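Q: Take this structure, written in structure tokens, and hold onto it; I'll ask about it next.
Bear in mind these aren't lab numbers, they're just calculated from the coordinates by the rules spelled out. Just so it is clear, the model here is predicted, and its values are computed rather than measured. Because the Cβ atoms are built from the backbone with ideal geometry, glycine has one as well, and the counts that use them run over all protein chains shown.
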Amino acid sequence: MNDLEFKHKVLDPKGTFCAAKWYNATIWLGSGQTTSCHHPPAHAIDLEAIKTNPKAIHNTVEKKLDRLMMQTGQRPSGCEYCWKIEDIDRDNISDRVYKSKIYPIKALDAAYELDHRTDVDLRTLEIAFDRTCQFACSYCNPAFSSTWVKDIKVNGPYTNLVSDGRGHFTHAHDSSQRYRYGESNPYVEAFFAWWESDLHRTLQELRITGGEPLMSGETWKLLDWFKTNRGKSTTRLAINSNLGQEVDVDRLLASIEGLEVDIYTSQESVTQQAEYIRDGLDYAAWLANVKKLLDSPSIRAVHCMATINALCLISLPDLLDELVELKKQYGRDRVSFTLNILRFPSFQSPLILPAYLRRTFELNLREWRLNHSRSNLMHEHELNHLQRLIDYLDVVKTPHSEAFEMPKLHNDFRQFFQQYDSRRNKNFAETFPLLADWYNDLPV
Ligand code: SF4
């Protein structure tokens, strides 16, 4: 069944149902926050509840109410990303399809019929132990990166920002890291309790994220568990890594020898532009680490996650060409990509670009997709993600229902990157000549 048939035959009869509400979670163990996927805003885990029931780190009151909404055909507001894509009305495939298609259909039927108050065992889980990270990417913030924390603590808050993004860059987000490595952390304890009791049996995939998870001591502890408990779990292990030059890829490969691990790495442009967007990145070192991993039998696949923002569209096609070359060298199924459209902070959304630039990038991507649509190196989801982005640039005017006032967003775009350039020793106009005239004309 292809993605569209799955949507029509399996999901649409269940109204607004999405299996991620039941079977998937992202959990930040450093701050005690959780969400169903990376689109809805995170919410707090009940500290009292997990003392007696570790499953409460996922089965929160908020998620249970969203389940009831989905069982009664209502649209939870936190899932706006999917509704926005589906409302384009060109049979675009939202993440609701991808997040549901990975589970057996009988599991979807069971969830749809289940009392919404029931605690459910996860089938896929992404966990972050802490926010230690050597990068400070432009679209990230101190809640997820200790290097961003340093920027704010050393240089102070970013100023003169007036749109929704201001809160990201004006303080160090101390509540995002409430426990240090080695301190007793009730969320980590609840996770390991549930892991030992059920999760090592029920999880199809356990993905470790961060920050940069390969810089967290807890990650290596979990890798040791997999190494010393072979055969005890069929859970596929996956790691989100920025594969920066400081990441010890050799240690990773030594610690996962004999296992089959998936690596997810973020990238959405190439060379200088990538190094501008992902501050701390050395693009050549990243590519070398990707190849080193693909040369190893312990790596099942490397998945490139592109965060589609206003700056990456110029050289995104060049990155896609690079990934196609890797597919040719290592095989179609060992290299894949997803295109994830950024919504927050709104002033970095691709929708703040003027129509003529959006049109240029839309046509470049249309041509790229056309040239690869019959290639047997492409996955169905990759072609669908490309079509979704092309239609998004063509049709969608605002990334979400919250305020999207262009003058404020243009002000923040200019204010932010002016301060980013001086703090990070960068030069916007030199790095993005195609955007320079538009950028320099932005009123502040
Ligand atoms: S945002 Fe989409 S994929 Fe995520 S939980 Fe909601 S419906 Fe599912």
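Q: Report the charge-dipole magnitude of the stretch 3-126 in Debye, nearest 20, computed about the Cα centre from +1 at each Lys and Arg Cβ and -1 at each Asp and Glu Cβ.
A: 180 debye
Q: Take each of the peptides 319-331, 29-41, average the number of other beta-carbon atoms within 10 Å over its residues, and list them starting from the highest.
A: Averaged packing, sorted descending, gives the order 29-41, 319-331.
Q: Along each of its three principal axes, how wide is the spread of alpha-carbon positions in the chain, in whole angstrom units, largest first?
A: 58, 48, 45
Q: Here's something else I'd like to know. Report, in debye and to the nearest 20, how large the dipole of the chain comes out about its Cα centre when Lys and Arg carry +1 and Asp and Glu carry -1 on their Cβ. Display every interim value, and only then the final one.
A: Details: 53 positive and 60 negative charges, 105 e Å.
Computed about the Cα centre, the dipole is about 500 debye.
Q: Pick from 107, 274, 301: which residue has the top mean-square fluctuation in a GNM of the chain where Cα pairs under 10 Å get a spring?
A: So, out of 107, 274, 301, the one fluctuating most is 107.
Q: Pairs 9/64; 21/64; 9/101; 292/327; 99/291: which are spaced more than 19 Å apart, C-alpha to C-alpha?
A: 9/64; 99/291
Q: So for the stretch 261-380, Kirkwood radius off the Cα pairs, Stokes-Einstein at 37 °C and 0.692 mPa s: how many µm² s⁻¹?
A: Result for D is 217 µm²/s.
Q: Give the Cα extents of the stretch 8-137 along the principal axes, in whole Å, largest first.
A: 40, 38, 25
Q: Also, I was wondering about something else. Among 360-367, 263-270, 78-85, how do they line up from the highest to the lowest mean number of other beta-carbon atoms within 10 Å? Provide the component values of the computation, followed by the final result.
A: Values: 360-367: 16.5, 263-270: 22.6, 78-85: 19.9.
In descending order of packing, they fall as 263-270, 78-85, 360-367.
Q: Another question, then. Regarding the stretch 64-139, what's the average projected area of the Cα-atom convex hull, expressed in nm²? Before the final figure, lay out the partial values.
A: On the way: hull surface 30.9 nm².
In nm², the orientation-averaged hull projection of the stretch 64-139 is 7.7.
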